[in-house]
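A short write-up of the structure that comes next.
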Amino acid sequence: MNRTTPPRPVDIAAVFPQLAPLARPAIRLHPRPGSPTPHDSSVGGPLLWPADEPWPHCEESHDQMNDLYEAYEVYADEDYEWQDGPNPLVPVAQLYVRDVPVLRPPGQADVLQVLWCPFEHEPDNKPPTALFWRSSTEVADTLTAPPSPFAVEYDGYIPRPCVLAPEQITEYPNLMDLSKELQQQLGDWNNWQAVAGAVDSSRAPHPDSYYGSELSVAPGWKAGGWPRWGLTDPISCFCTTCDARMVPLLQIASCEWDGSNTGWVPYEDRELMSVDDPDVANPPKVQISRSNRLQLYVCPQSPDHPHTDLIQ
C-alpha cells in the first residue's frame with residue numbers, strides 16, 4: 001500500500017528564498033485500516049512488547065471519573081465493573097526506524113512505542129502519554145495478550161488498528177512561526193506575481209492563508225516536521241532536564257484532511273473526498289479533545305529525557 005502526496009503547486013522556497021533554510025523533513029504516516037503484526041509499524045496495532053516486561057498503567061486515580069460514566073460513551077466488555085486504581089494504557093502507535101527514519105532513537109533502539117491512558121486528565125484535558133524505545137532484536141518472546149483498560153472516556157481514544165504507508169515530504173514553518181517581516185511578505189500578493197499563473201487569483205486577498213493551508217505544514221498523522229498552530233500562538237517547549245528547546249516527534253491527528261487543506265489528499269484517496277463518511281478522512285477513528293491534534297515533543301539532546309505534549 002502506497003500513498004503519494006501531490007507535489008506542492010508552488011515551490012515556495014524559490015519564491016521566498018528565506019524559507020529554504022527552514023525546510024524540515026517530515027514523514028506522513030497515512031494510517032489505513034488493516035491487520036498489523038507486532039513486527040509492523042502501525043497505529044493502534046499490537047506492540048512488540050516483551051512477555052516478561054510489565055505492561056504500563058496510568059497510576060493516577062480515576063475514581064473521580066466514575067462520575068462521568070453516564071455522560072460519556074464508556075468502552076467496556078460484558079464483565080465491565082468500575083474499579084479505581086491503575087488503568088492499563090492503550091497502544092497508540094508503533095514506529096520502526098526503518099519506516100520512519102526521522103526518528104532519533106537512543107543507542108541500538110530501532111522501534112518507538114507510544115501509549116496513552118484513554119482518559120483526558122487535568123489540568124490540560126488530554127490523555128497522558130508514555131513513550132518506550134526498544135531494540136527489536138532483543139525481544140525474544142512477545143506479549144500476546146496485553147491487559148485492556150477497565151474503561152475509556154470515549155471510543156475516540158481507542159485507535160482502530162491501522163497499517164502505515166510512510167512517505168517523506170518537506171515542510172516549512174507554520175505562518176505564526178515566521179518572523180513578522182516574512183509574514184508580511186507572504187501576505188503581499190505582489191510578492192507572488194512570479195508564480196501568479198500557478199496560484200488561483202482568488203487567493204490574492206489572503207495569499208498567506210494559502211501558504212498556511214497548502215504549502216507549509218501537512219495535516220494528519222506525521223513524524224518530525226513542523227507543528228501546526230491554531231488553538232494558541234506558538235508555544236516553545238523546553239526540556240525539564242537540560243533546558244534544551246524540544247523538537248516535534250509525532251502528531252496524532254483527528255483527521256487526515258478537511259475542506260481547508262484538500263491539496264494534501266494523496267492521489268490514491270482522491271476518489272474518497274466526495275464520500276459522505278467521516279471515517280474516510282479519519283481511518284484510525286481517533287478523536288483528540290474535540291477533533292484537535294496531540295503534538296508530542298522530545299529533547300534533541302537525549303531521547304531519554306522526559307517528553308512533553310500539546311493540544312492544538
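The values are calculated or read from the model by the stated rules, or taken from the named source; none is laboratory data. Quick caveat, the model's predicted, so the values are computed rather than measured. Neighbour counts are summed over all protein chains in view; Cβ atoms, including those assigned to glycine, are modelled from backbone coordinates with ideal geometry.
I'm checking my understanding of the structure. Among residues of region 165-214 that are at pLDDT below 95 and among the β-branched types (V, I, T), which one is surrounded by the fewest Cβ atoms within 10 Å (Cβ to Cβ)?
Taking the candidates together, the pick is V195.
Of the residues Q94, Q18, only one is modelled with pLDDT of 95 or more, of a type in the set (S, T, N, Q) and more than 25 Å from the chain's Cα centre (by Cα); which?
None of the other options fit; the residue is Q18.
How many residues does region 131-152 contain that are more than 11 Å from W55 (Cβ to Cβ), in a loop (DSSP other than H, G, I, E, B) and more than 24 Å from the chain's Cα centre (by Cα)?
5
Restricting attention to region 1-48, which residues are of a type in the set (S, T, N, Q) and assigned to a loop (DSSP other than H, G, I, E, B)?
Answer for region 1-48, where residues must be of a type in the set (S, T, N, Q) and assigned to a loop (DSSP other than H, G, I, E, B): N2, T4, T5, S35, T37, S41.
Among the residues of region 97-115, write down those that are modelled with pLDDT of 95 or more and either of a type in the set (G, A, S) or closer than 30 Å to H62 by Cβ (or both).
If the condition is that a residue be modelled with pLDDT of 95 or more and either of a type in the set (G, A, S) or closer than 30 Å to H62 by Cβ (or both), then A109, V111, L112, Q113, V114, L115 are the ones that fit.
Looking at region 104-130, which of its residues are closer than 21 Å to P25 by Cα, in a loop (DSSP other than H, G, I, E, B) and within 17 Å of the chain's Cα centre (by Cα)?
Within region 104-130, R104 is the sole residue that qualifies.
Return a yes/no flag: does region 213-224 have any residue that is part of a loop (DSSP other than H, G, I, E, B), assigned by TED's automatic domain parsing to the domain that holds Q301 and free of Cβ contacts under 8 Å to residues at least 40 places away in the same chain.
No, every residue in region 213-224 fails to be part of a loop (DSSP other than H, G, I, E, B), assigned by TED's automatic domain parsing to the domain that holds Q301 and free of Cβ contacts under 8 Å to residues at least 40 places away in the same chain.
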